[in-house]
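Any read-out appearing in this document is the output of simple, stated calculations on the displayed coordinates, not a laboratory observation. In this text, all values refer to a predicted model and were calculated from it rather than measured experimentally. Note that we place each Cβ from the backbone using ideal geometry, even for glycine, and neighbour counts take in every protein chain shown.
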Amino acid sequence: MPAIVQDVDSLRVLMLGYMSRESLKVTLERDQVTFFSRSKQRLWTKGEISGHVLDLVSIQADCDNDSLLVLVRPRGPTCHTGEPSCFANAPTDVVAELDALISQRKTCTSDASYTRSLFDAGVIRIAQKVGEEGVEAALAGVAADDLSLCGEAADLTYHLLVLLQARGLTWQDVRETLSQRGKA
């Protein structure tokens, strides 16, 4: 059956593969996505040669039980071309991608980036930047300057993500909170 593979964090569709009962069983046992290769006529674990595996998060069947949605955390690019997705222009959550980049910069102590300098300055300084950017966004909104408002909103979003990371939280935590509020 067709299996659509999606990055659980960025929401980007990564690839389409096919699963048999046996490949589904192996996927569930190993927590790494395994397909049935129609061209090779055998089971094939994504990344068995490249090392770019797909760590399983969840699998769900569609409403007709004739295709699967496989949510994963990829370790490396998914496409054989070295691209993150087999679909060149697959939509993605750019905020989630920014959050992942911020997370990388947080853990890289040799990085001399602005992001690293914020983490080094501490939570209080990061929170001050969030406040500054929030005021600037509000002022741009009052001034009815759409271009400035978008720029300030981007700055605010970036600094808010840094603050979340400094507190051990991620954009995914915010998405889950918003999802719960939508159910209320």
- Message: If I stretch the segment between Tyr18 and Thr177 completely, what's the gain in nm (0.36 nm per residue apart, minus their alpha carbon distance), one decimal?
- Response: 53.9 nm
- Query: Kirkwood Rh, region 36-118, all Cα pairs: how many Å?
  - Reply: 15.7
- Query: When the chain is modelled as a GNM with alpha-carbon springs shorter than 10 Å, which of Ala137, Ala112, Ala96 fluctuates the most?
  - Reply: Ala112
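Over region 94-183, consider all pairs of different Cα atoms and compute the Kirkwood hydrodynamic radius from their mean reciprocal separation; express it in Å, one decimal. Mind showing how you got there, number by number?
Numbers: mean 1/r = 0.0721 Å⁻¹.
About 13.9 Å, per the Kirkwood formula over Cα pairs.
Computed over the Cα atoms, what is the radius of gyration of region 2-74 divided by 2.2 N^0.38 Å, N being its residue count? Walk me through the intermediate numbers first.
On the way: Rg = 11.3 Å, N = 73, 2.2 N^0.38 = 11.2 Å.
Working it through for region 2-74, the quotient is 1.00.
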- Message: Given the options Gln104, Ala143, Ile124, identify the residue whose Cα lies farthest towards the positive end of the charge dipole of the chain (+1 on Cβ of Lys, Arg; -1 on Cβ of Asp, Glu).
- Response: Gln104
- Would you mind ranking Lys129, Lys183, Lys40 by Cβ crowding within 10 Å, fewest neighbours first? Lys183, Lys40, Lys129
- When Met15, Met1 are ordered from fewest to most other Cβ atoms inside 10 Å of their Cβ, what list results? Met1, Met15
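With runs of 4+ DSSP H residues as the only contributors, calculate the mean residue ellipticity of the chain at 222 nm using -39,500 (n - 2.57) per run, divided by the residue total and rounded to the nearest 500. Walk me through the numbers on the way to the answer.
Values: 6 runs with 86 residues, N = 184.
My calculation for the chain gives -15000 deg cm²/dmol from helical runs alone.
For region 94-183, what is the charge dipole size about the Cα centre, in debye to the nearest 20, if Lys and Arg each add +1 at the Cβ and Asp and Glu each add -1 at the Cβ?
Details: 9 positive and 13 negative charges, 94 e Å.
Dipole size: approximately 460 debye.
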- Just how many % of Cα pairs in the chain lie over 19 Å apart, if you round to the nearest whole percent? 67
- Note on the structure: Sorting Gly82, Ile49, Thr34 by the position of each Cα along the dipole of region 24-109 (Lys, Arg +1; Asp, Glu -1; all at Cβ), the one nearest the positive end of that ordering is Ile49
- Message: What are the ³J(HN,Hα) couplings of region 22-31, residue after residue, when phi is run through the Karplus curve with 6.51, -1.76, 1.60 and θ = phi - 60°? Round to Hz, x for glycine and proline.
- Response: 5, 5, 5, 4, 5, 4, 5, 6, 9, 6
- Note on the structure: Taking a crude spin-label model, label points 7 Å out from Cα along the C-beta direction, the Leu147 to Asp31 distance in nm is 5.0
